[in-house]
Structure formats: structure tokens, C-alpha cells
1. Considering only residues that are within 16 Å of residue 153 (Cα to Cα) and free of Cβ contacts under 8 Å to residues at least 60 places away in the same chain, which ones fall in the range 165-176?
2. Looking only at the range 118-133, filter to residues that are free of Cβ contacts under 8 Å to residues at least 24 places away in the same chain and outside any loop (DSSP other than H, G, I, E, B); which one of those is nearest to the chain's Cα centre (by Cα)?
3. When the range 207-234 is examined, which residues are found to be assigned to a loop (DSSP other than H, G, I, E, B) and modelled with pLDDT of 95 or more?
4. Among the listed residues 103, 94, 107, which satisfies the condition of being in contact (Cβ under 8 Å) with a residue 12 or more places away in the chain and assigned to a helix (DSSP H, G or I)?
5. Please tell me if residue 104 is surrounded by 21 or more Cβ atoms within 10 Å (Cβ to Cβ) and modelled with pLDDT under 95.
6. Any residue in the range 43-65 that's on the phi < 0 side of the Ramachandran plot: show its pairings with residues that are loosely packed, with under 15 Cβ neighbours inside 10 Å at Cβ separation under 6 Å, as long as the two are six or more apart or on different chains.
7. Just to be sure I understand the filter: pairs with C-beta atoms under 8 Å, separated by 6 or more residues or on different chains, first member in the range 211-232 and assigned by TED's automatic domain parsing to the domain that holds residue 61 and on the phi > 0 side of the Ramachandran plot, second member at pLDDT 90 or above and surrounded by 15 or more Cβ atoms within 10 Å (Cβ to Cβ). Which pairs pass?
8. Among the listed residues 82, 129, identify the single one that is assigned by TED's automatic domain parsing to the domain that holds residue 203 and touching a helix residue (DSSP H, G or I) at 6+ places or on another chain (Cβ under 7 Å).
């Protein structure tokens, strides 16, 4: 993740990260030699982010990105990317993670392959396109397969096409009858397949982390059931 002050970046708006930053490598090398050392500040910041990323609790990284997002757009993007994989809590209501909501929202009762889902998601510009620019295309079949294998496929159905060699067209997916109600509310954390991100796990009933939003719409993570004052304390 580029953190230099002279590198381009777009601050995210809303709950989704901004689209991935693309850099002209030839131009970057002309402006800055490839062997240039990172500054002491860049090195310390990167090391801090790595330590926080590897923790079993995601709360410290979430707070760091939320507080530092105004200083560098990539910190704000990282915070949204990180928090967007965790289930959301609004009052007493649990909801899917932002990414799962956008991904599963592309399904219907008709079969669809990940390659078609990817192209339609990039075209729709509904928020999923920003995630796909960060995650790439191969994460789509992986996550949809996790959903189809979770809880005996109660939510998502999968159909394999063994003659296809591409990961993006080897499977088709669709809603199981009635499965789409999970877009309205998540019954409990066991209703979704877990996601390992950094040292933490999203949708983990034993260590239940959830995403909330502060007064200005910045996402942050906390323990399920913790009050807002306790969440945002030092």
C-alpha cells in the first residue's frame, strides 16, 4: 500500500473504499529512483500497520485508520476495506458485511457465472466496482463457493461446469429459494461463512466483531454488544 506523500490517492466517500490507485511505473521511476529509501516516518507507519493488521482483535487497526484517514487517503481506504468484510450492526439488528451485501446482491434465481457477475458489477458502478478493483476477479468464485458450501447451501446454490478450465466460468451460482432474505437481516453470525482477514476472523461467533458507523459515516469495528462509548474509548 503506497503511503508516500507524493503518491496519488483518492479519499473514499461512503462505506466503500475508493477505486485502487493505478500508477504509471515508468513515470514513477523517473520521478523517484527505484532504490530510494523510505523515510523513517513511512517505515514506522508501515510497521505499525503490519503489527495492527496481524492482531487477533481488529479494533486497534480500525481505530488507527479512522483517526488517520484525514492525514492520508490510503489509511481511509484501508479502514473501509478492512471494516467492509465484517458483519454490520445497527441497533440490535445484524446485517451482512458491506462486501457480502454487494456481492450477493448481484445474484438472482437465474444461474450466473463469476465472470458475468464481475463484468456487470464493474458496469453498474454500485459500489461493488470499487471492491473489485481492490480484490481482483478470483476472489469472487472463492467467496461464492464458501457461501454455497456453508450450512449445506441453504443460502446459495452452486452448479459446476467441469469442462471449463477458468475459475471464473467453472461454476454458476444462484439464490436458493428464500435465501435472499439474508440481504435484509443476518439471523446470527453462524449464518454466514467466516472470513479470515489479517489476524482476525469475521463472522466468528466466539470472537464476535461487528462494523458500526460513527456520526459522520466512518466505519469502525467493535465487539458485538459493546456500547458506542466503550467502543471508541482510548
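The values are calculated or read from the model by the stated rules, or taken from the named source; none is laboratory data. These numbers come from a predicted model, not from an experiment. Note: ideal-geometry Cβ built from the backbone for every residue, glycine included; neighbour counts use all protein chains shown.
1. So in the range 165-176, the residues within 16 Å of residue 153 (Cα to Cα) come out as 171-176.
Once the filter is applied, which keeps residues that are within 16 Å of residue 153 (Cα to Cα) and free of Cβ contacts under 8 Å to residues at least 60 places away in the same chain, the range 165-176 yields 171, 176.
2. Going through the range 118-133, the residues free of Cβ contacts under 8 Å to residues at least 24 places away in the same chain turn out to be 119-125, 132.
With outside any loop (DSSP other than H, G, I, E, B) added as a condition, the list becomes 119-124, 132.
Working: 119: 19, 120: 19, 121: 15, 122: 16, 123: 19, 124: 18, 132: 10 Å.
Checking each candidate, the answer is 132.
3. Passing the criteria: 207, 208.
4. Numbers: 94 fails: assigned to a helix (DSSP H, G or I); 107 fails: assigned to a helix (DSSP H, G or I).
Step by step, each of 103, 94, 107 is checked, and only 103 is in contact (Cβ under 8 Å) with a residue 12 or more places away in the chain and assigned to a helix (DSSP H, G or I).
5. On the way: surrounded by 21 or more Cβ atoms within 10 Å (Cβ to Cβ): yes; modelled with pLDDT under 95: no.
It is false that residue 104 is surrounded by 21 or more Cβ atoms within 10 Å (Cβ to Cβ) and modelled with pLDDT under 95.
6. The qualifying pairs are 52/60; 54/199; 55/199; 56/199.
7. What qualifies is 225/208.
8. Working: 129 fails: assigned by TED's automatic domain parsing to the domain that holds residue 203.
Within the list 82, 129, the selection yields 82.
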